[in-house]
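Take a look at the structure set out below.
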Amino acid sequence: MSTVPAADSQTNAGKALAGHDEHAHTSSFLKTYVFSLDHKIIGLQFLFSTLIWFLVGGMLALGIRWQLAYPWRPMPILGELVGAAEGGQIPPEVYTMLVTMHATVMIFFVIIPVLAGAFGNYLIPLMIGADDMAFPTLNMLSYWFMWPAFVAIGSSFFVDGGAAQGGWTNYAPLSIFAGQGQTLWLIGLTLVGISSMLGSVNYMTTIIQMRAPGMTMFRLPMTIWGMFVTAVLQAFALPVLTAAGFMALSDRLFGTGFFLAEGATANNAIAQAGGGQPLLWQHLFWFYSHPAVYIMILPAMGMVSDILSCFSRKPLFGYKPMVYSLAGIAGLGFIVWGHHMFVSGMNPALGMTFMVSTMMIALPSAIKTFNWLGTMWGGKLQFTTPMLFAISFVSMFIIGGLSGIFMAATPVDIVIHDTYFIVAHFHYVLFAGTAMAVMGAIYFWFPKMFGRTMNDSWGKVHFLLTFVLLNCVFYPMHILGMNDFPRRLADPYHYGTFRHLLPINQFMSWCAFILVSVQIIFVVNFIWSLFFGPRCGRNPWHANGLEWQAPSPPGHGNFDFQPMIYRGPYEYGSPEVEVDYYPQTQPPAASSPSGESNENPTKEA
Amino acid sequence: MSESQTNEQQRKWLPNFWSVLFLMVPIFGVATFALAPYLNDIAPAYFKRPVWFPKDVSEHGYVIDNLFMFILWLTGIVFVITEGLLFYFMWKYEANTNTKKVAYSHGSHSLEVVWTIIPAVTLLFIAIYQMDAWAAAKMRAPDIPPIVEVTGRQFNWDFRYPGPDNELYTSDDIVRTDGRLYLPVGEEVLLRITSADVLHSFFLPNLRLKQDVIPGMAQNMWFTATETGEYDIVCAELCGWGHYKMKARIHLVTRPQFEAQLEEFRKEKNTMRVADRPQD
C-alpha cells in the first residue's frame with residue numbers, strides 16, 4: 001500500500017484519485033486511524049497528542065507557580081501529581097525537575113510538533129493542491145518516532161532520581177553528572193529530532209515537487225512559506241543537536257569527556273575522562289536551539305498572516321517582503337546563537353559580533369509586524385474567534401519582539417541574563433505568540449478538519465479570558481526581571497534582594513491557576529463541536545486558500561477535482577469579482593467587469 | 001462568524017469592545033512600568049522596598065541602567081505607536097461600521113523601504129552605542145593582581161585571598177568557605193573566578209555584574225564599588241538541587257577595614273587546628 005500513493009504523488013498531484021478511493025475502502029480501522037499514511041490523519045494524530053502534552057506541560061507550570069507563590073507550602077490537589085511526594089510539598093530537586101520538564105514538554109512535545117507535525121502535515125498538501133505528502137510512509141514514521149520519545153520522557157518521571165533536572169538546555173557538566181532521568185531525556189530528545197528530520201525532508205520535497213498546476217512558489221500562502229523555511233532550518237540545524245546529544249550520551253554512559261574539563265567532579269562523582277570543554281555543549285546546543293526558536297514561530301507567523309488577511313477581507317500587505325523577511329530570519333537565525341552565551345565565558349569579542357547580528361535579526365520581525373498592520377489598514381475586519389487570536393498574536397509579538405532588544409544589548413544582558421526578563425520575553429513569544437496563534441489556527445481550520453464549526457461565542461469567551469490572564473501572568477515578569485529576579489530558584493526569597501517581590505509572584509500565580517482552568521472552555525468546546533458542532537460546507541469563512549475548495553473534511557486524496565491555480569491566496573476584495581473573495585481555483589472571468597483584460601493569468605498577484 | 005452577529009445591540013458594542021480590549025495593552029503596559037517604582041509608596045505593607053532596579057553601588061552600573069532606560073523609552077515609544085495603530089485600525093475598519101470599500105492593496109514599496117530603513121538605522125545605532133560599555137565590562141581588564149579568587153562549588157562560594165605576598169596559590173593564602181566576601185570600596189578590584197564542579201554564575205545584582213564560572217577555566221571580573229555595605233551574591237546558573245541556596249554575601253568595606261579583616265582571618269587560620277574542624 002505504501003508505494004502506490006508515493007508513486008502516484010510523484011507523477012502529479014491528484015491524478016490517481018480512483019486508486020486512493022480503493023484503498024480507503026479496503027483499509028481496516030487500524031490502518032485508517034492508527035498506522036495511517038494519510039497526511040490528514042497523521043496531522044490529527046499530532047494535534048491530539050500535542051494537545052494532551054499541552055495539558056501536562058500546563059500542570060508542570062502550575063507546580064512552578066505554586067512554589068514561587070507559596071514556597072515550601074504543600075501544594076493542594078496537584079502537588080502529588082506533579083511529583084511532590086511529601087504531602088504535596090515541592091522539594092528543591094522536584095522544583096528543578098519541574099522547570100526542566102515544563103520547558104522540555106512545551107518545546108519538544110507541544111510547540112514544535114503542533115506547528116510542523118499537526119498543521120504542517122494537515123495543511124501542506126491541501127494548500128498546495130497535492131493528494132498527499134511526497135513520502136507517506138516517512139510521514140507515518142515521523143509520527144511514530146514521537147511515541148518512543150513520549151515513553152522515554154514520560155517514564156523518566158518514575159526512574160530513580162526522577163526526570164531530568166538539568167534545565168531544558170541540559171548544560172554540561174551538570175547534565176553529565178545528573179541521574180538516570182537525564183539519559184532518558186537525551187534519548188527522548190534524539191527521537192524527537194529524528195521525527196522532525198523525517199518531517200522536514202518530507203515537507204521540503206512536497207512543497208518543491210508537488211504543487212498543483214499554476215501554484216507557483218509566489219502563489220503559496222504564507223503558512224506554507226513558514227512551514228517551508230522551518231523545514232529548511234530543521235534540516236540544517238538538527239544534525240548538530242543530534243550529534244551533540246550522542247556526545248553527551250557518550251559522556252554519560254561510556255566515560256568520554258567531550259564536555260568535561262580535566263578532573264571534573266560533581267554530585268559526589270568523578271568523571272572518568274576530561275580534557276573537554278563545557279562551553280562546547282552550549283555552542284552545539286544553541287546552534288540548533290536558536291534556529292529552533294524560529295522553528296517555533298515562523299509557521300505561526302504564516303498562519304496568522306492567512307487568518308488576518310481572510311478576516312480583514314483584504315490582500316496581505318507586502319506579500320514578497322513577508323516572504324523575504326521569513327528567509328532573512330532563517331538566514332540570520334544561523335548566526336545569532338551566541339546571544340544565549342553573552343555571560344557564559346565565551347570570548348567577549350565574539351559576543352560583540354553576535355550582538356550585532358542579533359540586533360539585525362529584529363529587523364525582519366519588525367517588517368513583518370508593519371505588514372500585518374498594513375493588512376488590517378483599510379479592511380473590513382470581522383472579529384471572529386480566529387481573527388481575535390490572530391490579532392492578539394500581533395499585539396503580543398510586539399511585546400515579545402521589543403523585549404528581545406534589551407537582551408541583545410550585551411551590557412544590559414549582563415544584568416538581566418537568567419532573570420525573569422528572559423522568562424517574560426520567551427513566554428510572550430511562545431505562549432502569547434505561538435500558542436495563541438495555534439489556538440486561532442485550531443478555530444480557523446477546525447471546520448476543514450472535522451466538517452463542523454466550533455462555537456464562536458464560547459470561543460470569544462475563551463479568547464477574552466486567556467488574553468487577559470496571560471498578560472496578568474507574563475507582563476509582571478518584566479518588572480521582576482528589572483529587579484534581577486533569577487530564574488530556576490526553588491526559593492528566591494531566601495535572598496533579601498528579592499523578598500519584596502513575593503506579592504507580585506502571588507498575583508501572577510493566581511492568574512496562572514485561573515488561566516489554566518479556563519482552558520476547560522476550550523476543551524469542552526473542542527470535544528462538543530467534534531460531535532455536535534453545526535455542519536459546514538467547504539468554505540465557511542469565504543476564504544481564498546486552496547484548502548477551502550476541498551470537501552470538509554477532505555477525503556482520501558484530498559480533492560474531488562484537479563485543482564488549477566490562477567492567482568495568489570490573498571485576492572480578497574478584488575474588483576474583478578462581485579463577492580469579496582476570489583478563490584485560487586476560480587478561473588478568471590472571460591471578460592472582467594472593469595474592462596481589464598485577463599490575458600495574463602499568471603501575472604503575480 | 002460575522003453573519004451570526006445580526007443582533008443590533010451586539011453590532012453596536014461588540015466591535016468597540018474588542019478594539020478597546022486591545023487598547024488596554026499599551027495602557028496597562030505603560031502603566032505597569034510607570035507604577036512599579038511607586039508600589040512601595042502606594043502599598044508599603046506589601047512592597048517593603050521599591051520595585052525597581054536593586055540599589056547600584058558600582059562605578060559602572062549607571063551606564064547599564066541608563067542603557068536599559070534608553071531602550072525602555074525607545075521600545076516604549078514603538079510599543080505605544082504600533083499598539084495604538086492596531087487599536088485604531090480595529091476601531092475604524094470593523095466590518096459593520098466601515099462602510100467604505102476595502103482598500104484593494106497588495107502593499108507599498110515606499111512604505112516597505114521606510115519601515116526597513118528606520119528600524120535598521122535605529123538598531124544599528126543601539127548596537128554601536130553599547131559597544132563601549134560592553135568592552136569596559138568584559139574586555140578591558142585592568143593590569144592589577146587579583147584581590148581574591150572566587151570558586152563556585154555545589155552549593156557554596158569559596159573565597160581565597162592572597163596572603164601578605166600578594167600572590168595567589170602560595171602557602172600563605174587565606175581560604176574562606178563561610179560565604180562572606182570582603183572587598184574594599186573606592187578602588188578597582190580584579191577577581192579571579194572559576195568553578196570546582198559544574199557551571200555556576202557569579203551574580204552581584206547591586207554591582208551590575210554577572211559571569212558564569214566554568215570548571216577548568218579561570219576568568220577575570222573587575223569593578224569599582226562606590227559605597228560600603230552588605231549585599232547578596234546570587235548563583236544565577238542552574239547547578240543542581242541546591243542551586244537556590246547557593247547564596248553568599250559581599251561585604252564592601254573601606255581599605256583599612258579590609259586590611260583589618262584579612263589580618264583577623266590570618267590569625268584565625270594560624271590558630272586553627274585539625275581538631276577544630278567540625279566532626280561529621
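The values are calculated or read from the model by the stated rules, or taken from the named source; none is laboratory data. Just so you know, these numbers come straight off a predicted model, no measurement behind them. Backbone-built Cβ (ideal geometry, glycine too); neighbour counts: all protein chains shown.
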Strands (runs of 3 or more DSSP E) lying entirely in segment B:196-258 (those with 3 or more residues that are more than 10 Å from chain A (Cβ to nearest Cβ)): B:219-224, B:248-253
Hey, A:L332 within 22 Å of the chain's Cα centre (by Cα) and more than 9 Å from every other protein chain (Cβ to nearest Cβ) or not: yes
Matching residues, segment B:57-77, being at the interface with another protein chain (Cβ under 7 Å from one of its Cβ atoms) and under 17 Å from A:H478 (Cα atoms): B:I64, B:L67, B:F68, B:I71, B:T75
Residue in segment A:53-65 that is outside any helix (DSSP H, G or I) and in contact (Cβ under 8 Å) with a residue 40 or more places away in the chain present: no
Filtered residues of segment A:141-175 (kept if in contact with a helix residue (DSSP H, G or I) (Cβ under 6 Å, 6 or more places away or on another chain) and part of a helix (DSSP H, G or I)): A:L141, A:S142, A:Y143, A:M146, A:P148, A:A149, A:A152, A:I153, A:S156, A:S175
Residue match in segment A:295-313 (condition: more than 23 Å from the chain's Cα centre (by Cα), touching a residue at least 60 places away in the same chain (Cβ under 8 Å) and under 23 Å from A:V394 (Cβ atoms)): yes
Evaluation of A:G481 against (1) in contact with a strand residue (DSSP E or B) (Cβ under 7 Å, 6 or more places away or on another chain); (2) facing another protein chain (nearest Cβ under 9 Å); (3) assigned to a helix (DSSP H, G or I) (one fails), failing number: (2)
Residues of segment A:265-276 satisfying the condition of being surrounded by 20 or more Cβ atoms within 10 Å (Cβ to Cβ) and modelled with pLDDT of 80 or more: A:A266, A:G276
Of all residues making up segment A:551-569, the number that are out of contact with any Gly (no Cβ under 9 Å at 6 or more places or on another chain) and either closer than 26 Å to A:K380 by Cβ or among the polar types (S, T, N, Q) (or both): 1
Enumeration of residues in segment A:394-403 that are within 21 Å of A:P476 (Cβ to Cβ) and either more than 7 Å from chain B (Cβ to nearest Cβ) or in contact (Cβ under 8 Å) with a residue 24 or more places away in the chain (or both): A:M396, A:F397, A:I398, A:I399, A:G400, A:G401, A:S403
Failed item, numbered, when A:R452 is tested on (1) surrounded by fewer than 22 Cβ atoms within 10 Å (Cβ to Cβ); (2) closer than 28 Å to B:W52 by Cα: (2)
Restricting segment A:452-478 to residues that are among the β-branched types (V, I, T) and part of a helix (DSSP H, G or I), the residue that is farthest from the chain's Cα centre (by Cα): A:V461
Failed item in (1) part of a helix (DSSP H, G or I); (2) closer than 29 Å to B:N16 by Cα; (3) not acidic (D, E), with A:F426 passing the rest: (2)
Test: residue in segment B:89-109 that is surrounded by 20 or more Cβ atoms within 10 Å (Cβ to Cβ) and more than 7 Å from chain A (Cβ to nearest Cβ): no
So A:E80, is it among the acidic types (D, E) and without any contact (Cβ under 8 Å) to a residue 12 or more places away in the chain: yes
Flag if A:G400 is over 21 Å from A:H542 (Cβ atoms), among the small types (G, A, S), part of a helix (DSSP H, G or I) and under 19 Å from the mean Cα position of the chain (by Cα): yes
Residues that are more than 27 Å from the chain's Cα centre (by Cα) and of a type in the set (V, I, T), drawn from segment A:495-545: A:T497, A:I504
Filtered residues of segment A:381-424 (kept if among the aliphatic types (A, V, I, L, M) and farther than 26 Å from B:M131 by Cβ): A:L381, A:M387, A:L388, A:A390, A:I391, A:V394, A:M396, A:I398, A:I399, A:V423
Residues being surrounded by fewer than 22 Cβ atoms within 10 Å (Cβ to Cβ) and in a loop (DSSP other than H, G, I, E, B) - total across segment A:176-190: 1
Residue match in segment A:517-534 (condition: in contact (Cβ under 8 Å) with a residue 60 or more places away in the chain and outside any helix (DSSP H, G or I)): yes
Top-ranked residue in segment A:484-494 [being part of a loop (DSSP other than H, G, I, E, B) and within 7 Å of chain B (Cβ to nearest Cβ); ranked as surrounded by the fewest Cβ atoms within 10 Å (Cβ to Cβ)]: A:D491
All strands (runs of 3 or more DSSP E) inside segment B:62-180 with 2 or more residues being free of Cβ contacts under 8 Å to residues at least 40 places away in the same chain and hydroxyl-bearing (S, T, Y): none
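For every residue, the table says whether it meets (1) in contact (Cβ under 8 Å) with a residue 60 or more places away in the chain; (2) part of a loop (DSSP other than H, G, I, E, B); (3) at the interface with another protein chain (Cβ under 9 Å from one of its Cβ atoms).
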position	(1), (2), (3)
A:L350	no, no, no
A:L388	yes, no, yes
A:I405	no, no, yes
A:V412	no, no, yes
Residues within segment B:131-158 that are over 27 Å from A:T265 (Cβ atoms) and touching an Asp or Glu at 6+ places or on another chain (Cβ under 8 Å), tallied: 3
Residues satisfying the stated conditions in segment A:536-577, i.e. outside any loop (DSSP other than H, G, I, E, B), surrounded by 18 or more Cβ atoms within 10 Å (Cβ to Cβ) and in contact (Cβ under 8 Å) with a residue 40 or more places away in the chain: A:L546, A:E547, A:W548, A:N558
Output for segment B:29-60, where each listed residue is touching a residue at least 60 places away in the same chain (Cβ under 8 Å) and either out of contact with any helix residue (DSSP H, G or I) (no Cβ under 9 Å at 6 or more places or on another chain) or among the basic types (K, R) (or both): B:K55, B:E59
Where A:F383 falls short, out of the listed (1) facing another protein chain (nearest Cβ under 9 Å); (2) in a helix (DSSP H, G or I): (2)
Selection within segment B:26-56 - of a type in the set (S, T, Y) and within 7 Å of chain A (Cβ to nearest Cβ): B:T32, B:Y46
